[in-house]
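Enquirer: Starting off with a structure, shown below.
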Amino acid sequence: MKAVRIPKPMEIVLEEVEKPVISSPNEVLVKIKRVGICGSDMHIYHGTNPLATYPRVVGHEVAGEVVSVGEAVTNLKPGDHVVVEPIRYCGKCYACRKGRPNVCEELSVFGVHEDGGMREFVVLPAKQLHTVDPSLDWDEIVLAEPYTIGAQATWRGDVQEEDTVFIQGCGPIGICILKMAKIAGATVIMSDLKAERLAFAKDNGADFVINAGNQSIEEKITEFTNGEGANVVIDAVCLPSTFELSTKVTSVAGTVVVLGFDERPSQISQLPITKKELTIVGSRLQTNQFKKVVSLLNENKLKENGLVTHKFALSDVQKAFTFVEENPDIVRKALIVFD
Ligand code: MN
């Protein structure tokens, strides 16, 4: 079978490898149907993901069909359509004991720390697979993982109905957060530098948009919230300056959600945090969000609605990575199609 391997940064090969086999009773063999290309796959390709090791089969946004199951597996059967939950954890450390295995001390992410889904077949423990309504399009369900990132960010921000949420950045993650915030019943303000990305956010339910290139975010947030500020600010731009801005435009008793990996410091004074009694939280990967997202997919409440812009055959995977690299303004989500 074929697998996409990144042997070292800036190199990508489609190679012939052995088909995996079930070796433990709780495992499942899955035929891959779609894999999304994520910014973090591009970081592994570019050598800018400090957590990744090489060589690596990338891909953590994965949908496929069950081929066979180990003898202890009772909740899955051949033919089931599944999405992959890409985290593996120890179950014993403090984070795991607190019910937050996404930040497990020994966390292993499928496609980052271990070989992922960009190959024709994978074997995974049944607990990392979630069954989805088989009538749904593969192009819809492959977005389950990015939606869980949005679900995690809104959960960490404790987004409630009637909250006003300000999401910085209208890239794929910003849009996934938007969809989850709208499902929660919030009013959503979004910012970006690109008019077409702001228009897409509006098409997907954003109530207000701000062009950060020619409008004052602070003034517009004040205007849209009648001076209150945004109750929850979620930063999907992830620059030192957007983190600084987050604490400024948050309302009293508000929450700032941080998703970035930038190591450069931000200059944030203590005063707004104490005076407004802000909550500042990190949001990484997801915990317990697949169930929720799969239910929403099954209920037709989550639709890609233009989020998937490009599809490439497995044989064109090198072309796909180059295209995504060279066209950041027109690619929202690109998929690799297996067949
Ligand atoms: Mn992703």
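Enquirer: Given labels modelled 7 Å from the Cα in the Cβ direction, how far is it in nm from THR74 to GLN267?
Expert: Once both label points are built, they end up 6.2 nm from each other.
Enquirer: Report, by chain and number, residues whose modeled amide H sits under 5 Å from the one on ARG56, excluding near sequence neighbours (fewer than 5 apart, same chain).
Expert: Answer set, sorted by chain and number: ILE6.
Enquirer: Take the Cα pairs of the stretch 149-282, get the Kirkwood Rh, then feed it into Stokes-Einstein at 4 °C and 1.567 mPa s and tell me D in µm²/s. Display every interim value, and only then the final one.
Expert: Values: Rh = 14.3 Å.
Translational D for this selection: 91 µm²/s.
Enquirer: Would you mind getting me the FRET efficiency between LYS319 and VAL281? Use the beta-carbon distance for r and R0 = 30 Å, nearest 0.05.
Expert: On the way: r = 39 Å, r/R0 = 1.31.
FRET efficiency, LYS319 to VAL281: 0.15.
Enquirer: What residues have an amide H closer than 5 Å to that of ILE210, excluding those fewer than 5 places away on the same chain, when H is modeled at 1.01 Å from N in the peptide plane?
Expert: Amide H to amide H, under 5 Å and 5 or more residues apart or across chains, ILE210 pairs with MET190, SER191, ASP192.
Enquirer: If I fit a long axis through the Cα atoms of helix 144-156 and take the longest principal axis of the Cα atoms of the chain, what angle between them do I get, 0 to 90°, rounded to 10?
Expert: That helix lies at roughly 40 degrees to the long axis.
Enquirer: Separate question: Using Cα pairs under 8 angstrom and six or more residues apart, how large is the relative contact order of the chain, in percent?
Expert: 16
Enquirer: So, one more: Please list, in order, the residues from the stretch 259-283 whose amide nitrogen is less than 20 Å from a point placed 7 Å along the Cα→Cβ vector of SER241.
Expert: Taking a point 7 Å out along Cα→Cβ of SER241, the residues of the stretch 259-283 whose backbone N falls under 20 Å are 259-269.
Enquirer: Out of residues 5 or more away from VAL233 or on other chains, whose amide H comes under 5 Å of its own, with H placed 1.01 Å from N in the peptide plane?
Expert: Distant-sequence amide H within range of VAL233: PHE166, THR255, VAL256, VAL257.
Enquirer: Which value, in Å to one decimal place, does the Kirkwood hydrodynamic radius take for the chain when every pair of different Cα atoms is included? Can you show the working numbers first?
Expert: Working: mean 1/r = 0.0484 Å⁻¹.
Kirkwood hydrodynamic radius for the chain: 20.7 Å.
Every number here is computed from the coordinates shown, using simple stated rules; none is lab data. If you're wondering where the values come from, they're calculated on a predicted model, not measured in any experiment. A quick note on method: Cβ atoms are made from the backbone with ideal geometry, for glycine too, and the neighbour counts reach across all protein chains shown.
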